[in-house]
């Protein structure tokens, strides 16, 4: 029998990729049903959790369901076991099936749903359509004896700190004199107890994004020779890495709007799409957004998109797009089903790299699209 990954271990790896802090305020994310405090033999990835998905999970002996859309989005007024969401929740609890949800945080994350959609369409040179979160930056300043400056610099750089654009290991170094007096109970690396010491030191400064700050400081401390390390951390107003909704990129070759609509149908296995604009219009620069893309119409126009492909567009918003000469392809919210393939691949890589050969990852085979084209 193989080794099974712990639920908390698997989800911690996921949240390292898709942090909760990227989610919009009041979004329903995280663990919604059950517990992660258990070994997981089988994980199922789905877009939605309807009753037929819950039945599928029960039939396939699933321990953990990962979903993009929350099973509990609005507060429940009751939990009836014979109807509605209560029936779904009851079934999952009875069979000890946990449910974890990542919604807007997975939309905006690097490599998340919008990148999955853009990759599926074959878009090149992609950028964020609407920034929603900027990663905080910090300045780390540490004082090191000259003999160990290279060692500490390498430890800081190896942690990922000091990255500016395509450059890594960026630091600034100032030479000076450090003074200290070791008192009783100390074991100084340099100097003697009770005697004031002067040491030629290097002040090393570098820039650190928030997610790397803790590990960078730990690696710096581990490489530093001093018993007590003098260092400072400053919060910066510099703009860090941006995350956001939608993507905008380019087709390899321009095509007509009709050809692109057919391409969208093929990529996402759709029966049909809705479009605005002349089918013969040539398009090359393409914006894409899974889910509700109504708020992104102005951003797509501002950034020069010829067309926006989205999961939902309102009637009057489509009129607004026409007025601004922006073509629209409404492919339906269900195009976000790319989450199943993308997240399943991530989970499998985590499980394999961690040596848990017993845990199985499957994609839900149930169709949760509420619409059928006639």
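Helices in the chain, meaning DSSP H runs of at least 4 residues, each add -39500 (n - 2.57). Divided by all residues, the mean residue ellipticity at 222 nm is -9000 deg cm²/dmol. Using alpha-carbon positions, what is the distance between the centroids of segment 128-189 and segment 43-120, in Å? What the calculation gives is 43 Å, centre to centre.
Once the Cα atoms are used to define both axes, helix 257-268 deviates from the longest principal axis of the chain by about 70 degrees. Rounded to the nearest 5, the antiparallel percentage of DSSP beta bridges internal to the chain is 70%.
Angle of helix 7-17 to the longest C-alpha principal axis of the chain, folded into 0 to 90 degrees and rounded to 10: 80°. Put simply, the convex hull of the Cα atoms in segment 1-127 casts, on average, a shadow of 9.5 nm². Relative to the longest principal axis of the Cα atoms of the chain, the long axis of helix 149-158 lies at roughly 10 degrees.
Inter-label distance, residue 341 to residue 210: 3.3 nm, where each label sits 7 Å from its Cα along the C-beta direction.
Calculated over segment 136-235, the projected area of the Cα convex hull averaged across directions stands at 6.4 nm².
Inter-label distance, residue 94 to residue 372: 2.8 nm, where each label sits 7 Å from its Cα along the C-beta direction. Simple spin-label estimate for residue 55 and residue 320 gives 4.1 nm between the two label positions (7 Å along the Cα-to-Cβ direction from each Cα).
Values in this text are rule-based calculations from the coordinates and carry no lab data. Fair warning: this is a prediction, and the values are worked out from it, not measured in the lab. Here Cβ is always computed from backbone atoms with ideal geometry, including for glycine, and neighbour counts include all displayed protein chains.
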